[in-house]
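Below is one structure, written out as structure tokens; the observations come after it.
The values are calculated or read from the model by the stated rules, or taken from the named source; none is laboratory data. Note that this is a predicted model, so its numbers are computed, not measured. Note: ideal-geometry Cβ built from the backbone for every residue, glycine included; neighbour counts use all protein chains shown.
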Amino acid sequence: MAAPPGCDDPADPIEPPAGAVATPRTLVTDPSSDGPYTPCDDSDSFAGYPTTIYYPTGTTCPAPLDDRPVVVLLPGAGYNLSSYNYLLEHLAEHGFIAVGIDILASDPGGHEDAAEYIEGVLTDILATWPHASAMDPSRLALVGHSRGGQTSRFVADRFKGNTDDWTVRAIVGLASQGGGVPITGDLTNGYLLLVGSADPQQVPSVSYGLYDGAGSEGSLAFADPNGIYKAMKLLEGANHDNFAEINGLLTSQAHVTKGYVMAFLAAHLLGNASWYEVYIRGDAVPYGWSNVVGQVSDGFLRTVVDNSEDNSLAFPTIGGAFSYSPGCRRRSSTSGLTPTRSTRRTRCACRARRSATCSRGRSRPSTSRTTSG
């Protein structure tokens with residue numbers, strides 16, 4: 001498949017020499033697609049709170065796979081826990097034990113209490129759930145929508161220090177509420193933010209502030225105690241409600257959410273970075289969403305976008321062209337979180353030809369940006 005105009009790098013060593021016979025390359029699957037496992041669900045009450053658990057099995061229910069990472073989902077205000085079953089089920093299909101907990105913090109000021117209650121639920125699950133032995137609490141991710149996104153940061157803060165059963169490997173905020181505990185390297189290794197440009201409740205500037213304040217930009221996650229792998233995807237036209245299932249309807253926004261969440265968590269909890277390379281670092285978009293603007297900072301690759309595009313992605317305040325996804329197609333993939341020199345150069349060459357959003361060093365931002373929302 002030919003690359004879009006402007007995406008070829010003449011110095012790229014992975015390009016075949018002139019006259020060579022092209023070798024077919026298999027693209028990675030879409031992370032929003034169904035997974036290989038059969039999801040089983042188990043709704044119950046733990047520590048007095050309604051809880052829904054989806055878990056994977058290779059055959060039939062109720063025989064879970066062993067040694068499974070755990071994802072906890074926290075709902076937003078005004079949304080039924082069942083509104084997120086689409087995401088819990090999708091995670092189970094791909095090998096996670098996904099736990100939805102119906103706890104909502106009072107706002108403002110109730111997030112510490114909510115985090116304590118959530119810890120109590122997880123403790124009760126480990127002690128009483130018949131399939132608890134299949135859970136690996138050292139591989140935990142937190143996903144929160146709106147107010148639940150803020151609470152997830154308090155939960156991570158409660159679990160930091162590795163002195164308990166749970167170790168938070170990644171946090172995902174879906175139109176996350178701002179304020180509260182900042183994301184630092186002692187809370188988690190990874191932070192993903194998904195936000196819609198048409199969200200009147202949690203406007204994109206909130207997520208930009210959370211992203212900018214997370215970790216230490218340009219630092220190596222494994223070398224800097226405050227360094228993390230962080231990414232943000234701004235979905236043009238997406239709103240606040242459709243991160244949940246509304247009136248039994250699963251929208252395309254929910255499908256693209258499944259894809260990005262899966263791509264990020266597969267890398268951080270399953271050690272599979274093939275989707276991460278293409279969908280988080282790269283420009284590929286799950287489920288064919290129209291336009292997505294992304295930024296990422298993980299020590300090896302850093303892309304930066306201006307914060308002032310909130311609801312009009314066509315007019316960057318720093319001038320120049322603006323880079324949309326899907327953009328340049330990836331020509332290769334790597335097996336881990338660290339890209340090879342050649343793939344990093346190819347990716348950066350693609351973006352640099354269309355906008356000034358690419359940097360190829362550990363901590364060298366390629367463009368200035370405004371920080372106002």
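Here 176, 205 are screened, and the one residue that is among the polar types (S, T, N, Q), over 19 Å from residue 70 (Cβ atoms) and out of contact with any Ser or Thr (no Cβ under 7 Å at 6 or more places or on another chain) is 205.
Here the range 54-86 is the region considered, the condition is being loosely packed, with under 13 Cβ neighbours inside 10 Å and charged (D, E, K, R), and the residue that is nearest to the chain's Cα centre (by Cα) is 67. Taking the numbered list (1) modelled with pLDDT under 95; (2) over 29 Å from residue 249 (Cα atoms) in turn, residue 106 passes all entries but (2). Checked against (1) on the phi > 0 side of the Ramachandran plot; (2) at pLDDT 95 or above; (3) touching a helix residue (DSSP H, G or I) at 6+ places or on another chain (Cβ under 8 Å), residue 48 passes all but condition (3).
Please find, among 149, 120, the residue that is in contact (Cβ under 8 Å) with a residue 12 or more places away in the chain, in a helix (DSSP H, G or I) and either among the aromatic types (Phe, Trp, Tyr) or crowded, with 23+ Cβ neighbours inside 10 Å (or both). Only one candidate passes the filter, namely 149.
Given the condition free of Cβ contacts under 8 Å to residues at least 24 places away in the same chain, at positive phi and surrounded by fewer than 22 Cβ atoms within 10 Å (Cβ to Cβ), answer yes or no: does some residue in the range 159-171 qualify? Looking through the range 159-171, at least one residue is free of Cβ contacts under 8 Å to residues at least 24 places away in the same chain, at positive phi and surrounded by fewer than 22 Cβ atoms within 10 Å (Cβ to Cβ). Can you give me the number of residues within the range 75-96 that are assigned to a loop (DSSP other than H, G, I, E, B) and more than 15 Å from residue 142 (Cα to Cα)? Adding up the residues that qualify gives 6. Quick one: in the range 284-308, of everything that is buried (at least 22 other Cβ atoms within 10 Å of the Cβ) and hydroxyl-bearing (Ser, Thr, Tyr), which residue is modelled with the highest pLDDT? It comes out as 297. Somewhere in the range 92-100, is a residue under 27 Å from residue 238 (Cβ atoms) and among the aromatic types (Phe, Trp, Tyr)? Yes, some residue in the range 92-100 is under 27 Å from residue 238 (Cβ atoms) and among the aromatic types (Phe, Trp, Tyr). Here the range 215-233 is the region considered, the condition is being out of contact with any Leu (no Cβ under 6 Å at 6 or more places or on another chain) and modelled with pLDDT of 90 or more, and the residue that is surrounded by the most Cβ atoms within 10 Å (Cβ to Cβ) is 230.
Among the residues of the range 90-117, the ones that are closer than 16 Å to residue 153 by Cβ and in contact with a strand residue (DSSP E or B) (Cβ under 6 Å, 6 or more places away or on another chain) come to 2 in all. Remark: pairs (first residue in the range 256-269, modelled with pLDDT of 95 or more; second residue of a type in the set (Asp, Glu) and surrounded by fewer than 24 Cβ atoms within 10 Å (Cβ to Cβ); Cβ separation under 8 Å; 6+ apart in sequence or on different chains) = 259/30.
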